[in-house]
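Here is the structure we will look at, set down as structure tokens.
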Amino acid sequence: MFAYILRRIVQVIPVFFGSTLLIYFLVFAMPGDPILALFGDKAPNPALLASLQAQYHLDQPFIVQYFYYIIGIFQGNMGVTFSGQSVNDVLARTLPVTARLAVMAIAIEFTLSIIIGTISALRKGKIFDNVSLVLSLIFVATPIFVLCFIAQYFLAIQLGWFKPTVGAQNDWGDLWLPAIVLGVSLYATSMRLMRGSVIDTLNMDWVRTAYSKGLSRRRVVPTHVLRNSLIPVITNSATNFGVLLVGATVTEAIFNIPGVGNTLFQATLRHEGPTIVSFVTVFVIIYVLVNLVVDLFYGLLDPRIRYVK
Amino acid sequence: MKRNKLALAGLALVGAATLALAGCSGGGSGTSTSTSSSDSSAIIKTNGSEPQNPLIPTNTNETGGGKIIDEIFSGLVYYDADGKPVNDMAESITVDDPQNLTVKIKPGQKFTNGEEVTSDSFINAWNYGAKLSNNQLSSYFFEDIEGFSWDEDSDLTGLKKVDDHTFTIALNKPASDFALRLGYSAFYPLPSEAFDDIEAFGENPIGNGPYKLADKDAWQHDVQISLVKNEDYQGGRQAKNGGLDIVFYATQDAAYADLLAGNVDVIDGIPSSALATFQDDLGDRAVNQPAAIFQSFTIPDRLKHFSGEEGQLRRQALSMAIDREQITKTIFQDTRTPASDFTSPVIAGWSDSLEGADVLKYDEKKAKELWAQADAISPWDGTFSIAYNSDGGHQAWVDAVMNSIKNTLGIDAVGAPYVDFASLRTEVTNRTIQTAFRTGWQADYPGLYNFLGPLYATDAGSNDGDYSNPDFDKLLSEGISATDSDKANEDFQKAQEILLKDLPAIPLWYSNVDGGYADGVQNVKFGWNSVPLYYEITKG
């Protein structure tokens, strides 16, 4: 087990180099000079332009720029933004906000999908099942930014239940609205998987055995059915996590949440190489680690899955 | 015990007296009731964006940082709501001749760290801003001062300290509107502490303006900055409120949502998604007035069919083929004003009756005629295109302009989108662009020259179309050498009449400033530079 974890963690290293190099290349391939854009419609003096380009190593070929970046990383320095802030500081400030949002969204997603998925499975073909199918199709089909605007307009501006934007107060309580939108947008696929999985499990021999022993539904469903039905939902949540990170970028911009996604959005607009690469790399590493944790979870849910050679 | 009772009695007396006084004044004048209800300690919440640079006046050239810098620093002059300069730190600014100025500073004015504002505060700050190796984005503001160099580090030898409160400015060429420029943020003074560690200073600036940072952590990056009234400030921009919370928004939509929900007091931008509805949503709390922003598109001479007489005819034909009235109405919901010159209606000296301004009116017949005349010189082939950046919301009007041209002249006309602003500007700056392209200008200071000199003078820094006309240059330099502003503006208007013939850029419209404020907020006035005069705003 320990060797397995270690091997998975070592795998992060090539992923790190591969992704940073690829992203750096993509940023480099973006047309246009970000320093020129700093001057707006006004043309800068060539000497000043050259001097600023040298300051950010933008006058060097891409592989040299990448080299500077990697050297910086090993010195614990991810570079500076155009506004002179260290990318380390920016990450340290924004990551907790996004993490909080992600945890809330996943909690909402799980709660909704497990409860609604299980009830749908137990009442297969009845009204509850049909209504929840239609609703989940609507949530899957609606792009997340549309959900965001609808929630912002009706729940915040019209009904006044929430604040329309988050801004400075990004405590747990203030993040409810964006977390609900994110959670709801993710819940549909998990809920369908949960429903299918519960239906399958209900037909298993051991469930029939449990019923024939005279156990009540209240005993059978939580202990025998749910635990075994969770595996596909958890696998899916690892993939969903990628969707969540992308969704967070949109959601954070619309609800003005000072998180990783919002900063990444702004940095991309400004072609800030070091900021974009660092942020996307952190996304990649988080994604890899989340997948690792999910793989380890299988072992807990189903001891038959072993991590031996 | 006794003392307490005495104090209470005193308080009661004072209370009775104020009540009586309030009664008198309330009866006396109608206006005092609305002002007396406002709370002078109220914090005004407004929109902004994370500054792109540390808060150093000479390195701040974008609106997010500029808005903050203007509130925490004061220059020699400030501009009132009409764009007129009013002395702030200066006691007097004397223009001795078009190349020499003498500045006297009011004694006893202080930075918030207690240091007095002296001649050195200005001289050192400007020298810092001008020095090449300091890489300051606004260094071009000092290029007219003697000693300035684009190629090497050099001192501004034109700045001479006479005494602690007097200094002189010598310019390397006539610039009679130099005094008018002094209200721009690049000319703000800095305390000597700034130069010890300019980076740390930019993070936590010490200013001399109507507001100051609330505390050490006032600037929460990407979130907001909190300013409070600077009680030591003595100038004309005394804050009538207790402070400002400038909340940084990633999108205008978020700011507008907050305004509708009453979470923000004043905003100075309306998202394009709400342009059609905001005047209905906000009623008389909606703001829509012209600003000092001129928008155009430029057709460089070097493009095929656009040089010499043929080019002049084609430019005029294109200009007359655009229905500006209709486009500003349908695409921009009247939040743009069709252009009638090359400047802006909020600038002193603006005129809508220049000779040749007809070329900016939609005239289908005349446009066709002119185009046919050009075809007689050399027949048109190919497609006419305007390049624009698709990250800036330009597609709708470019398409409309292209349709207008296509239908009027019967030629192929399409927009040429670039992914973003940086890539468009790169091709424009390198002169590799092969089509016409959108251009715009937001004035740095409220003077006609700022809309003309940097853009159309031969070899000027922002002359993206490489326009050159000796007659225009002559009128421009006569204007800038004239110390009488009426005479100067007359020259600038004549110079524009040449532009109306040559059309180095085709004027489209002036941008309006769009904004709004919440219930219970009063005295919201927008300045010439599209930013509300925050010190005037009251609420409660």
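The values are calculated or read from the model by the stated rules, or taken from the named source; none is laboratory data. Fair warning: this is a prediction, and the values are worked out from it, not measured in the lab. Quick reminder, even Gly has a Cβ in these numbers, built from the backbone with ideal geometry, and neighbours come from all protein chains shown.
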Exercise. How many residues, within region B:435-486, are farther than 22 Å from B:Arg336 by Cβ, within 12 Å of chain A (Cβ to nearest Cβ) and among the charged types (D, E, K, R)?
Worked result: 2
For this session: Count, please, the residues in region B:263-280 that happen to be touching a residue at least 40 places away in the same chain (Cβ under 8 Å) and of a type in the set (Asp, Glu).
Result: 2
Exercise. Taking the condition touching a residue at least 12 places away in the same chain (Cβ under 8 Å) and among the acidic types (Asp, Glu), does B:Asp363 pass?
Worked result: yes
For this session: Collect the residues in region A:126-173 that are farther than 21 Å from A:Pro258 by Cα and not hydrophobic (A, V, I, L, M, F, W, C), keeping them in residue-number order.
Result: A:Lys126, A:Asp129, A:Asn130, A:Ser132, A:Ser136, A:Thr142, A:Pro143, A:Gln158, A:Gly160
Seminar exercise, completed: A careful count of residues in region B:403-443 that are farther than 24 Å from B:Asp381 by Cα and in contact with a helix residue (DSSP H, G or I) (Cβ under 7 Å, 6 or more places away or on another chain) gives 9
For this session: Just give me the residues in region A:36-45 being farther than 18 Å from B:Phe451 by Cα and in contact with a Phe, Trp or Tyr (Cβ under 8 Å, 6 or more places away or on another chain), in sequence order.
Result: A:Ala37, A:Leu38, A:Asn45
For this session: Determine whether region A:234-247 contains at least one residue that is within 14 Å of another protein chain (Cβ to nearest Cβ), of a type in the set (S, T, N, Q), under 13 Å from the mean Cα position of the chain (by Cα) and part of a helix (DSSP H, G or I).
Result: no
For this session: Would you mind stating whether B:Asp151 is assigned to a loop (DSSP other than H, G, I, E, B), within 14 Å of another protein chain (Cβ to nearest Cβ), surrounded by fewer than 20 Cβ atoms within 10 Å (Cβ to Cβ) and modelled with pLDDT under 95?
Result: yes
Seminar exercise, completed: For A:Asn256, the lone unmet condition from (1) touching a residue at least 60 places away in the same chain (Cβ under 8 Å); (2) more than 14 Å from chain B (Cβ to nearest Cβ); (3) not hydroxyl-bearing (Ser, Thr, Tyr) is (2)
Exercise. Is there a residue being in contact with a helix residue (DSSP H, G or I) (Cβ under 7 Å, 6 or more places away or on another chain), in contact (Cβ under 8 Å) with a residue 24 or more places away in the chain, more than 14 Å from chain A (Cβ to nearest Cβ) and β-branched (Val, Ile, Thr) anywhere in region B:281-289?
Worked result: no
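Sort through A:Asn228, A:Asn256, A:Asn262, A:Asn240 and tell me the only one that's crowded, with 20+ Cβ neighbours inside 10 Å and either modelled with pLDDT under 85 or more than 30 Å from A:Gly32 (Cβ to Cβ) (or both).
Answer to the selection: A:Asn240.
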For this session: Mind listing whichever residues of region B:295-332 are in a helix (DSSP H, G or I), touching a residue at least 40 places away in the same chain (Cβ under 8 Å) and in contact with a Pro (Cβ under 9 Å, 6 or more places away or on another chain)?
Result: B:Arg315, B:Ser319, B:Arg324, B:Ile327, B:Thr328
Seminar exercise, completed: B:Lys216 fails exactly one of (1) at pLDDT 90 or above; (2) more than 11 Å from chain A (Cβ to nearest Cβ), namely (1)
Problem set entry | Matching entry among A:Leu58, A:Leu49, A:Leu101 (being within 13 Å of another protein chain (Cβ to nearest Cβ) and not in a loop (DSSP other than H, G, I, E, B)) | A:Leu49
Exercise. Before we move on, is A:Leu26 within 14 Å of another protein chain (Cβ to nearest Cβ), on the phi < 0 side of the Ramachandran plot and surrounded by 18 or more Cβ atoms within 10 Å (Cβ to Cβ)?
Worked result: no
Seminar exercise, completed: Across region B:66-104, the tally of residues that are outside any loop (DSSP other than H, G, I, E, B) and either among the hydroxyl-bearing types (Ser, Thr, Tyr) or under 13 Å from the mean Cα position of the chain (by Cα) (or both) stands at 8
Exercise. If you check A:Phe128 against the conditions, is it surrounded by fewer than 15 Cβ atoms within 10 Å (Cβ to Cβ), at pLDDT 90 or above and within 14 Å of chain B (Cβ to nearest Cβ)?
Worked result: no
Exercise. So A:Ser19 fits all but one of (1) surrounded by fewer than 18 Cβ atoms within 10 Å (Cβ to Cβ); (2) at pLDDT 80 or above; (3) more than 26 Å from B:Gly66 (Cα to Cα); (4) not hydrophobic (A, V, I, L, M, F, W, C); what number is the exception?
Worked result: (1)
Problem set entry | Residue count for region B:114-148, restricted to those that are within 14 Å of chain A (Cβ to nearest Cβ) and of a type in the set (Gly, Ala, Ser) | 5
Seminar exercise, completed: Within region B:227-249, residues without any contact (Cβ under 8 Å) to a residue 60 or more places away in the chain and within 14 Å of another protein chain (Cβ to nearest Cβ) come out as none
Problem set entry | Count - residues of region B:415-434 that are polar (S, T, N, Q) and either more than 8 Å from every other protein chain (Cβ to nearest Cβ) or farther than 14 Å from A:Met30 by Cβ (or both) | 4
Exercise. So which of B:Thr432, B:Thr439 ends up being more than 24 Å from the chain's Cα centre (by Cα), of a type in the set (Val, Ile, Thr) and under 30 Å from B:Ala400 (Cβ atoms)?
Worked result: B:Thr432
Exercise. For A:Tyr153, are the conditions met, namely being within 14 Å of another protein chain (Cβ to nearest Cβ), among the hydroxyl-bearing types (Ser, Thr, Tyr) and in a helix (DSSP H, G or I)?
Worked result: yes
For this session: Could you tell me whether any residue of region A:9-30 is part of a helix (DSSP H, G or I), aliphatic (A, V, I, L, M) and within 26 Å of B:Ser133 (Cβ to Cβ)?
Result: no
